[in-house]
Amino acid sequence: MTMTGGWHPVALSTSIEPASSAGTHIGGGEFVVWRDGSGAAHVWEDRCPHRGMKLSFGFVRGDHIACLYHGWQYDAAGRCRYIPAHPDLEVPKTITVPAYRTVEAAGMIWASRDPEPATAPADPGEVVPVRSLYLAASAETVLQVVEGFPPRPFGGDAGPAGLEPVGANLHRLDIGPDTLLLGLQRLSDERTALHIVIAGPAETYSGEGQKHFLAWTAALRHRLESAPAADAVLSTEAV
Ligand code: FES
């Protein structure tokens, strides 16, 4: 199992600084998410074509990423441009890292393996990041538990909540006047990263609003990992 078709969220936009990289998984496959010096995001296979070192351990220099092991340098398209042990060598065009289409929308970085992927996730306008939550449960189980255990509205009483898909791996959770966007990253069959942002202006949600929904994510994790209802869901899935 590895990246299926369509768009997959791989990180909150705010979690990858310019000139930095991080390793991640989709469908059990390993990927590197990195930003070049200008801030553009890239998602590639996390494997150097030379000896297989993870490129997420490497260093970003301007618009290149350099492998930690022997320093081979790759440009933003994934093509090797420089081999330190052979500085005068014109590097063969065939030495490339598989690179995936990458966009940013809804406060998240998204990747697709499709040469002509479906329309990128709609951008809802201003969002405020909450966090990425890494959970030992399938994406379907995570959604079931979120639906049964929504947060209270920010500064309001509990009220009806609605969860609906707005894309293959993006859900919208309406709670009273507030809306959360939930990006589902299927790390594997049994592990999911839930990337959570608030759809709304920073002047309303920055600070206390973020703390409010952050507290819910801690309770959600506890619910998934220890509550009898969640156990029932997990054990039903395991049958
Ligand atoms: S393994 Fe990457 S440069 Fe050698």
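From the list 111, 118, the one residue that fits, being part of a loop (DSSP other than H, G, I, E, B) and within 23 Å of the chain's Cα centre (by Cα), is 118.
Do we find that residue 90 is within 22 Å of the chain's Cα centre (by Cα) and of a type in the set (Asp, Glu) in this structure? It is false that residue 90 is within 22 Å of the chain's Cα centre (by Cα) and of a type in the set (Asp, Glu). None of 65, 109, 95 is open to solvent by less than 10 Å² (accessible area, probe 1.4 Å), over 22 Å from residue 7 (Cβ atoms) and more than 9 Å from the ligand (Cβ to nearest atom) except 65. Within region 40-62, the set of residues being surrounded by 14 or more Cβ atoms within 10 Å (Cβ to Cβ) and more than 11 Å from the ligand (Cβ to nearest atom) comprises 41, 42, 43, 44, 45, 46, 56, 59, 60.
When every residue of region 121-136 is checked against the conditions, at least one turns out to be open to solvent by less than 20 Å² (accessible area, probe 1.4 Å), more than 16 Å from the ligand (Cβ to nearest atom), closer than 30 Å to residue 208 by Cα and β-branched (Val, Ile, Thr).
The values are calculated or read from the model by the stated rules, or taken from the named source; none is laboratory data. Note that this is a predicted model, so its numbers are computed, not measured. Cβ coordinates were reconstructed from backbone atoms using ideal geometry, including for glycine residues, and neighbour counts include every protein chain displayed. Ligands, DNA and RNA are stripped out before the accessible areas are found, and what is left, the full protein with its side chains, is counted by its heavy atoms. Shrake-Rupley method; radii C 1.70, N 1.55, O 1.52, S 1.80 Å.
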